[in-house]
Amino acid sequence: MQIQTSFENLHRDFPILRRTVRENKPLIYLDNASTTQKPNQVIDAISNYYRNYNANIHRAVYALAEEATEEYENVRDKVANFVGVKNREEIIFVRGTTEAINLVAYAWGRAHINEGDIIVTTEYEHHSNIVPWQLLTREKNAKVEYIRIDDNGELILDDLDRILATGKVKLVTFSLMSNVLGTISDAKAIISKCRQAGVLVLVDGAQAVPHMKIDLEKLDCDFFAFSGHKMLGPTGIGVLWVKKNILETMNPFHGGGDMIREVHKYDATWNDLPYKFEAGTPNIADVIGFGVAIDYLSSLGMDNIREHEIELTKYAIEKMSQVKGLHIYGTQDMSKRGGVISFNFADVHPHDVAQIVDSDGIALRSGHHCAQVLMEKLDVAATSRASFYIYNTKKDVDALITSLNNVARLFKL
């Protein structure tokens, strides 16, 4: 298996980027915050599993099963190394960030959240880091409080100080990077405040892990979640990391095969970590593909990926700022921003913008981006969003600018 080691000619690894759309227009894919495209290496690894060693894992001793188990468990080690975790038992495979957060809400939250307690999140969270806590606090007669954002789209941490001072906070949870504004949270400051107050912290890393180097030992949160499909991997696979001392106290999320040690008529005992939280036949093929995606990103270097996106995002913001009637949301400080740009034209619905640029072959997101709390804060129903990744170039940005200028002309802005 050969993997790219530079950003030059990355398109050749991604078969979908060679196709055309809308009357033979070359595809320009700018919806990477939603999901990323998959390189041949990942596609081939998944196909190879099904073609050559498809078998269930952990349960049999014949050759195919042993090979599948080894490949699957090797990925756990890759994930641990990729995010700076020393103990592989703390890595739990789930379907994605959404399931990871729900797992914590169910297996930890229902044992620790009581009447009157507070869970703190932020105004720029994805619904997956709001709704599970709403469900939990409704059940427990507890409360969700929010850290507000300022006019630059950055968190107002004085809000966190005020809420922590109540002494009722049990958990603070936030996105390391906003999927709408691209804002990179000041995780160090947030976690430090929580440590002083004796409060646990869950970090949603779905938007951050694909784009920057993560070291969970240094970050020192308690729970961390991310998804494979936003980092070149397949859909249906994600990771939940939990500190072992916490994980050992949590009840299983799902019951069934492989998460048990013994089952009797009226009782059962649980398997060792992390298998206690991985009931049933797992997503074997996609875990293996996910491991190859990690190899691919590692070969490029996460610091290099971050630098590439800073350069591209800065270029895009400069060009978009010159388009008539276009308003960009979020901070202009590239050290605090990822490769996501949400914007609106005055009196032009984002769906109209998306349809016009789509006619030019450009895949751009429009809508509330599963962040309606943020949309209410911004006082808009929706935004358009361009999001970049390793295979995007300044030529892609130039094509987007040409298309956005067409929008401005069509609506006489």
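Solvent-accessible surface (1.4 Å probe) assigned to Leu64 amounts to roughly 70 Å².
Taking the average, over residues, of other Cβ atoms within 10 Å as the packing measure, peptides 364-373, 285-294 rank 285-294, 364-373 from highest down.
Hey, of (i) 62, 60, 47; (ii) 73, 58, 34; (iii) 60, 48, 37, which did the structure itself give for Cα extents along the principal axes in Å when calculated? Recomputing Cα extents along the principal axes in Å here picks out (ii). Label-to-label distance, Lys394 versus Glu217, with points set 7 angstrom from Cα along the beta-carbon direction: 3.9 nm. 3J(HN,Hα) along segment 94-107, derived from phi through the Karplus expression 6.51 cos²θ - 1.76 cosθ + 1.60 where θ = phi - 60°, amounts to 10, 7, x, 4, 4, 5, 4, 5, 4, 4, 5, 4, 7, 7 Hz, with x in place of Gly and Pro. In terms of accessible area, using a 1.4 Å probe and ignoring ligands and nucleic acids, Leu400, Leu378 rank largest first as Leu378, Leu400. Tally Lys/Arg at +1 and Asp/Glu at -1 over every other residue whose Cβ is under 14 Å from the Cβ of Ala165; what's the total? Charge balance in the 14 Å sphere: -1. Under 5 Å between amide hydrogens, built in the peptide plane, is the criterion, and for Val169 it picks out Ile118 among residues at least 5 positions away or on other chains. Taking 24 Å as the straight-line reach from the Cα of Lys314, the lysines in range (excluding those fewer than 8 positions away in the same chain) are Lys213, Lys230, Lys324, Lys336, Lys394, Lys395.
How far, in nm, would the chain grow between Glu70 and Thr20 when pulled straight, counting 0.36 nm per residue and subtracting the alpha carbon separation?
14.1 nm
Projecting label points 7 angstrom from Cα along Cα→Cβ for Asn406 and Asp272 puts them 5.9 nm apart. Solvent-accessible surface of protein heavy atoms, probed at 1.4 angstrom with all chains present, puts Arg385, Arg59, Arg51 in the order Arg51, Arg59, Arg385, largest first. Taking Cα centroids, how far is segment 121-160 from segment 335-413 in Å? Each part reduced to its Cα centre gives a spacing of 25 Å. If the segment from Ala189 to Arg306 were pulled out straight at 0.36 nm per residue, it would be longer than the present Cα-Cα gap by 40.0 nm. Listed by chain and number, the lysines whose alpha-carbon sits under 18 Å from that of Lys143, ignoring those within fewer than 8 places in the same chain, are Lys168, Lys170. Per residue, the solvent-accessible area of segment 185-333 (1.4 Å probe, heavy atoms of protein chains only, all protein chains present) comes to 41 Å².
Accessible surface area normalised per residue over segment 1-123 is 50 Å², counting heavy atoms of protein chains with a 1.4 Å rolling probe.
Residues Glu23, Glu90, Glu217, sorted by accessible area with the largest first, give Glu23, Glu217, Glu90 [1.4 Å probe; ligands and nucleic acids excluded]. Rounded to the nearest 0.05, what FRET efficiency do His264 and Lys168 have when you use their Cβ-Cβ distance and R0 = 56 Å? According to the calculation, E is roughly 0.85. Computed in the context of the full set of protein chains, the accessible area of segment 44-145 at 1.4 Å probe radius has 44% of its extent on carbon or sulfur.
Within a straight-line Cα-Cα reach of under 12 Å, Lys243 can be paired with the following aspartates and glutamates, leaving aside sequence neighbours fewer than 8 residues apart in one chain: Glu89, Glu90, Glu217, Asp220, Asp222.
Share of carbon and sulfur in the accessible area of segment 238-319 stands at 47%, probe radius 1.4 Å.
The values are calculated or read from the model by the stated rules, or taken from the named source; none is laboratory data. What you see is a predicted model; the values in this text were computed from it and never measured. Cβ sites come from the backbone with ideal geometry, for glycine too, and all protein chains shown count toward neighbours. To get the accessible areas, we keep the full protein, side chains included, count just its heavy atoms, and leave off ligands, DNA and RNA. Shrake-Rupley method; radii C 1.70, N 1.55, O 1.52, S 1.80 Å.
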